[in-house]
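The values are calculated or read from the model by the stated rules, or taken from the named source; none is laboratory data. Nothing here was measured: the structure is a model prediction, and the numbers come from that model. With ideal geometry, Cβ positions are generated from the backbone for all residues, glycine too; neighbour counts draw on all protein chains shown. The area values use the complete protein model at the heavy-atom level, side chains included, leaving out ligands, DNA and RNA. Shrake-Rupley method; radii C 1.70, N 1.55, O 1.52, S 1.80 Å.
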Amino acid sequence: MAEAKQPLRGKRVAFLASDGVEDIEYTQSRAAAEQAGAEAHLISIRSGEIQSMNHDINPANRYPVDRTVDQANPADYDALVLPGGTVNPDRLRMNPAAMNFVKAFFQQAKPVAAICHGPWSLVETGLVKGRTVTSYPSLRTDILNAGGTWVDQPVQVDNGLVTSRRPSDLPAFCAKLVEEFAEGTHARQTANA
């Protein structure tokens with residue numbers, strides 16, 4: 001019975017975020033992973049703390065960074081979460097080490113979950129090509145231009161890739177995140193990686 005309640009027991013999940021991350025998207029997805037038994041680590045582009053935001057403009061909380069992308073090894077993690085906010089993924093996609101970190105999860109066929117503007121990292125790395133994803137609506141054209149198919153759904157799953165649109169979709173996003181992470185590797189993740 002304990003396994004059913006904690007399907008992620010023994011798994012390590014990386015949360016890649018920087019200053020500007022949308023607070024609720026980080027905290028609720030992390031809480032879902034931890035409640036399911038996962039060990040969660042905050043990975044960022046610099047050490048110290050990151051500043052989260054509410055609605056992109058109001059400072060929320062500060063969170064300690066566990067490792068930088070230069071210190072973290074994707075092989076040490078079973079899954080990756082890319083929370084949104086507008087500023088956070090925009091900073092990440094300008095950092096080559098962060099984008100290599102994201103690519104490594106796909107190369108290793110590991111599940112990935114991205115919400116709101118989080119899929120910008122997937123666009124930047126070319127990982128949406130041939131995939132069906134959702135995101136905050138303003139990313140629609142970016143996703144289409146990168147060769148992906150965009151859908152307006154609360155949550156979309158494409159062979160180990162979980163995507164969602166906005167904070168109001170967090171219940172569906174978190175449930176699918178746990179489900180896909182519990183399934184483990186997905187061979188299709190390596191396409192375009």
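For the chain, the dipole from Cβ point charges (+1 on Lys and Arg, -1 on Asp and Glu) about the Cα centre works out to 300 debye, to the nearest 20.
When the Gaussian network model of the chain links Cα atoms closer than 10 Å, the mean-square fluctuations of 44, 18, 138 top out at 138. Simple rule: put +1 on each Lys or Arg Cβ and -1 on each Asp or Glu Cβ in the chain, find the dipole, and look at 136, 60, 79; the Cα lying farthest toward the positive end is 79. Each residue of region 74-89 is assigned a 3J(HN,Hα), and the resulting list reads x, 5, 7, 10, 9, 7, 10, 10, 10, x, x, x, 7, 5, 3, x Hz, derived from the Karplus form 6.51 cos²θ - 1.76 cosθ + 1.60 (θ = phi - 60°), x at Gly and Pro.
Using a 1.4 angstrom probe on heavy atoms only, work out the carbon and sulfur share of the accessible area of the chain in %. That share works out to 47 percent. If we count every other residue with Cβ under 12 angstrom of residue 54's Cβ, Lys/Arg +1 and Asp/Glu -1, where does the sum land? Its environment carries a net charge of -4.
Helical content of the chain, expressed as a calculated mean residue ellipticity at 222 nm, amounts to -9000 deg cm²/dmol (DSSP H runs of 4 or more residues, -39,500 (n - 2.57) each, divided by residue number, nearest 500). Looking at the square roots a ≥ b ≥ c of the eigenvalues of the Cα gyration tensor of region 9-81, which shape do they give, rounded for a/c under 1.5, prolate if a/b is larger than b/c, or oblate? The shape class here is oblate.
Ignoring lysines fewer than eight residues from residue 103 along the same chain, the ones with Cα atoms less than 29 angstrom from its Cα are 11, 129, 176. Please work out whether region 98-193 counts as rounded, prolate or oblate from its C-alpha gyration tensor, where a ≥ b ≥ c are the square roots of the eigenvalues and a/c under 1.5 means rounded, while otherwise a/b larger than b/c means prolate and anything else oblate? Because a/c hits 1.5 or more and a/b fails to exceed b/c, region 98-193 counts as oblate.
Given a 1.4 Å probe, how much area per residue of region 1-130 is accessible, in Å²?
41 Å²
The Cα atoms of the chain give a gyration tensor whose axes a ≥ b ≥ c have a/c under 1.5, which makes the shape rounded. Each peptide among 77-87, 143-153, 163-173 gets the average number of other Cβ atoms lying within 10 Å of its residues, and from highest to lowest they stand as 77-87, 163-173, 143-153.
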